[in-house]
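The values are calculated or read from the model by the stated rules, or taken from the named source; none is laboratory data. All of these numbers come straight from a predicted model, not from anything done at the bench. Every residue, glycine as well, gets a Cβ built from its backbone with ideal geometry; the counts of neighbours run over all protein chains shown. When the accessible area is computed, the model is the full protein with side chains, heavy atoms only, and any ligands, DNA or RNA have been set aside. Shrake-Rupley method; radii C 1.70, N 1.55, O 1.52, S 1.80 Å.
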Amino acid sequence: MSSVTLPAPLDRVGEPTPLRLSFSRVDTYETCALKYRFAYVDELPQVPGPALSWGSSIHAALETWWDQKLPDPPSVDVLLQALFDRWDDDGFAGMDRDEKVRWYRHAQNVLRRHHDRHARTYAPAVATEQWFELEVGNAVTVVGSIDHVARTDSGGIGIVDWKTNRKAKTRADVSDSLQLAVYALAARHLWGHDPDWVALEFVVPGIRVTVPRDQIDVDAAVVRIHKVADRIRSEAFDPRPSALCSWCDFRDECPAFEGDGPDVAGTALVELRRLQRRSERDRKRMESLEAVVRTRLGDDALA
Ligand code: SF4
């Protein structure tokens, strides 16, 4: 049997380290590089808050509703049942029942209004929660998920991203949005052609902000992503304190956080909620540990 000479391994010295970035990772880096490091390099745990769980419950319900392959618009009950079935309770630990019910009722009202706005013109989505992985050069892969791909009047596609912020942004605010550009690139990659438009739909106030494809600068977005990737690779993780520190999960670890900012009450409330959630988790854990000890060693062991 003749021996086979294997090729020498490629010399990878000097090649950039491969990076996988999502829109939200780039956004986090641009907001505060140290926060990015805590979240994605050190992978410190983050506690899901009520706003995050509420937003993910709304997304899940909308996904179910828009994905119904029916000629007639699905009823509002389909939407509300999906909210019930896919409610994410994680961020509400430690909250009293009345407050949880208020969040749930608010979600129901938002979804009812969404149904009122869209039922008459309903058409099943081309896709929902469409995953993409996009090579943008320089060993960077952009990953993400598109909430809602719609068929447009001209037979093309439109991309919708659902936002659960309380307030809508204006067209001027979103026109140079990195997210819109990433979705436009992703659509080209997935379906072989550009979308007609990309929209952010602010579901709470019920406002859709639509930007035509020819007004989205994808080249500038790729340059921006590469700039962030280069800075991550050079381990540039400087803190950038701002009003957003009040909502940062890493204040305890951050050397740049200087305590209460101008919004003392708001900061105190956020911190209080966080501690309440932690103490509720600790209480449940203690109960389950006590049950194990009691079963195996008896009550005396707990005395
Ligand atoms: S507390 Fe502020 S400065 Fe510190 S990591 Fe968080 S966002 Fe950045």
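Structure data summary
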{"item": "Hydrodynamic radius by Kirkwood, which averages 1/r over all alpha carbon pairs of the range 209-248, in angstrom", "result": "13.0 Å"}
{"item": "Average accessible area per residue (Å²) across the range 1-142 - probe 1.4 Å, nucleic acids and ligands excluded", "result": "60 Å²"}
{"item": "Longest to shortest principal axis, alpha-carbon extents of the range 32-108, angstrom", "result": "49, 32, 17"}
{"item": "Pairs from LYS100/LYS167; LYS35/LYS100; LYS69/LYS163; LYS69/LYS169 whose Cα-Cα separation, in the structure shown, is over 26 Å", "result": "LYS35/LYS100; LYS69/LYS169"}
{"item": "Those GluC sites (Glu not before Pro) in the range 20-79 that DSSP places in a loop and that have at most 15 other beta carbons within 10 Å", "result": "GLU43"}
{"item": "Percent RCO, i.e. relative contact order, over the chain, from Cα pairs under 8 Å lying at least 6 residues apart", "result": "19 percent"}
{"item": "Karplus-derived 3J(HN,Hα), 6.51/-1.76/1.60, for each residue of the range 58-75, Hz, glycine and proline x", "result": "4, 4, 4, 5, 5, 4, 4, 5, 6, 8, 6, 8, 10, x, 9, x, x, 5"}
{"item": "Interatomic Cα distance distribution for the range 44-177, bins of 10 angstrom, percent", "result": "10, 34, 34, 18, 4, 0"}
{"item": "Under the Karplus curve 6.51 cos²θ - 1.76 cosθ + 1.60, θ = phi - 60°, whole-Hz ³J(HN,Hα) for the range 174-184, x wherever Gly or Pro sits", "result": "9, 5, 9, 5, 4, 4, 4, 5, 5, 5, 4"}
{"item": "Isotropic mean projected area of the C-alpha convex hull, the range 139-194 (nm²)", "result": "5.1 nm²"}
{"item": "Share of alpha-carbon pairs per 10 Å distance bin for the range 75-133, given as whole %", "result": "18, 41, 29, 12, 0"}
{"item": "5 angstrom amide H check on LYS163, placed H, neighbours 5+ away", "result": "GLU201, PHE202, VAL203"}
{"item": "Beta bridges per DSSP with both ends in the chain, % antiparallel, nearest 5", "result": "65 percent"}
{"item": "Structure-based [θ]222 nm, the chain - -39500 (n - 2.57) summed over DSSP H runs of at least 4, per residue, nearest 500", "result": "-14000 deg cm²/dmol"}
{"item": "Share of alpha-carbon pairs per 10 Å distance bin for the chain, given as whole %", "result": "5, 20, 27, 25, 14, 6, 3, 0"}
{"item": "For the range 93-247, alpha-carbon Rg over 2.2 N^0.38 Å", "result": "1.22"}
{"item": "Karplus-derived 3J(HN,Hα), 6.51/-1.76/1.60, for each residue of the range 237-251, Hz, glycine and proline x", "result": "10, 6, x, 9, x, 7, 4, 6, 4, 4, 9, 7, 6, 10, 4"}
{"item": "Two-site label geometry, ARG166 and ASP252: point separation in nm, points 7 Å out along Cα→Cβ", "result": "2.7 nm"}
{"item": "Long-range HN-HN contacts of LEU21 with modeled amide H, under 5 Å", "result": "THR141, VAL142, VAL143"}
{"item": "Unit charges on C-beta of K, R, D, E only; dipole of the range 187-237, Debye", "result": "180 debye"}
{"item": "Residue among TRP247, VAL78, THR128 farthest towards the positive dipole end of the chain, charges placed on Cβ", "result": "VAL78"}
{"item": "Dimensions in Å of the range 13-67 - Rg and Dmax from alpha carbons", "result": "15.7, 50"}
